[in-house]
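Remarks on the structure that follows.
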Amino acid sequence: MSHERISVRRRDSSDLDACVRVLAEVHESDGYPVNWPRDPAGWLTPPGSPAESPAAWVALLDGVVVGHVCLSPARPDDAAPGLWSGRTGTGPEKAAVVSRLFVSPKARGHGIGALLLAETVRDARGRGLHPVLDVVTSDRSAAALYERQGWTLMATAEQRWGPDRTVLVHCYTAPS
């Protein structure tokens, strides 16, 4: 497969329906996201991101949306920015959180996840921010992608996902 067929561009509002369809395929196949959101299109724009122009990208294969990723400001309940901040002595507001990364099961194996990840890293660095992310410990394929791309596992931490739900997440930092 040649890379001419694969492209990455900024997401716009007309992409949301296609993104939700791909997200549903990924949820059915891999169980991501762990909890299916009440408003999947809204979930694709994380809190703190401007709804009118989120830092979000889509990957297209032959013109069809097959992948997605977001970059958002660190929130107080995010584990990875706090860990990175503690390690570097830099304020967590200098971190950017990579999230909502998924690729259609039918389009995997072509480097699409790596392209999306690279785009968020480039954008974050252009804003003077350092990319971090967390991933549930059960998502071994995502963790393998991050490690192949040179990301460093900082720690495994508990994260509260509701009043009676705690999950374990691996927290990663982008290569320097």
Task: Checking residue 43 against (1) modelled with pLDDT of 95 or more; (2) under 15 Å from the mean Cα position of the chain (by Cα), the condition it does not meet - done: (1)
Open item on the list: I need the helices (runs of 4 or more DSSP H) fully contained in segment 58-176, keeping only those with at least 3 residues that are of a type in the set (A, V, I, L, M) and open to solvent by less than 20 Å² (accessible area, probe 1.4 Å).
Closed with: 112-126
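The values are calculated or read from the model by the stated rules, or taken from the named source; none is laboratory data. The structure displayed is predicted, hence computed values, not measured ones. Keep in mind that these areas ignore ligands, DNA and RNA; they rest on the heavy atoms of the full protein, side chains included. Shrake-Rupley method; radii C 1.70, N 1.55, O 1.52, S 1.80 Å.
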